Amino acid sequence: MIAQLRSEAPVRQLCATFDCPRSSYYYQSTRTDDGPLRAVIEQVLMRQPWFGYRRVVAQLQRDGYSVGERRVRRVMKRLQRTRSVGPVKVTTTDSRHAYTRYPNLIRSVQATRPDQIWVADITYIRLGLRFMYLAVILDACSRAVRGWALSRSLSQEVALNALTMALSHGQPLIFHSDQGSQYAAWLHTDILTQAGVRISMSDKGKPMQNGIAERFMRTLKEEHVDYADYADFHDAHQQIGVWVEVEYNTRRMHSSLAYATPAEFEAALGRTSTLS
């Protein structure tokens with residue numbers, strides 16, 4: 001209110017009228033919005049997750065930002081207490097690679113039975129100042145999770161570990177993913193090809209062509225991650241495993257499955273193998 005009226009009367013008079021100490025008014029008016037800085041710091045930590053506050057300051061100054069250690073330490077201390085990511089776009093799909101790109105085989109195709117189509121995706125989860133990466137493989141018909149893996153780094157191994165788990169519980173006719181290097185890498189595609197699985201990929205820049213996997217990741221964050229409190233990576237792995245294998249696969253009803261759980265839906269169709 002004082003800021004709005006200061007052009008019409010002296011600040012001293014306005015502070016007296018509203019019973020507000022001038023020191024309080026000037027402190028509030030000079031307070032800095034840390035939102036934009038938080039977004040920039042998160043981008044730095046995505047590229048160099050091992051950075052401490054001194055290296056973050058150096059990187060920001062190198063990039064042309066005028067910021068001091070005290071402010072960066074304050075923002076990073078707040079980030080340490082949260083897993084929610086602010087207005088920063090974390091990219092988990094690196095399609096700038098020389099591996100083979102496969103055509104989209106599931107465009108306009110509706111999965112009608114389990115193990116007809118599997119879909120895969122990778123997302124990020126904050127753990128204090130760092131990020132973890134979760135790879136998940138779903139059955140497009142039953143929505144059941146076939147395999148998953150959690151990693152401290154966005155590497156080929158996280159996708160390979162999820163695939164290894166999934167193939168121990170069955171095999172699809174088609175494996176669909178985005179064009180990310182984790183899925184296009186020869187180690188990953190060779191396993192699928194040798195198993196006789198057809199490989200399918202979304203067109204570049206078309207994430208909704210992998211909509212089932214995208215929706216699962218959103219559900220995971222809205223129903224579990226946003227309410228979880230991970231002590232460390234091991235604890236996060238345990239909690240996510242329980243949510244995926246127990247809560248999601250065996251207890252969570254899906255409107256697309258006539259309000260059955262993935263396990264119930266598959267049991268009704270005669271498929272009994274589930275994650276355990």
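Throughout, read-outs are computed from the coordinates displayed, never taken from laboratory work. Fair warning: this is a prediction, and the values are worked out from it, not measured in the lab. Counting neighbours? That spans all protein chains shown, and the Cβs are built from the backbone with ideal geometry, glycine included.
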Counting Lys +1, Arg +1, Asp -1, Glu -1, what net charge surrounds M217 among other residues with beta carbon under 13 Å of its beta carbon? -2
So if I place +1 on the C-beta of Lys and Arg and -1 on the C-beta of Asp and Glu, and nothing else carries charge, what would the dipole magnitude of region 164-230 be about its Cα centre? I want it in debye, nearest 20. 280
Protection-proxy order for peptides 184-197, 221-234, 112-125, 151-164, each taking the mean of Cβ atoms within 10 Å per residue, highest first: 112-125, 151-164, 184-197, 221-234
D for region 124-276, whole µm²/s, Stokes-Einstein with Kirkwood Rh over alpha-carbon pairs at 37 °C and 0.692 mPa s: what number? 203
Principal axis box of region 196-254, alpha-carbon based, largest edge first, Å: 38, 25, 24
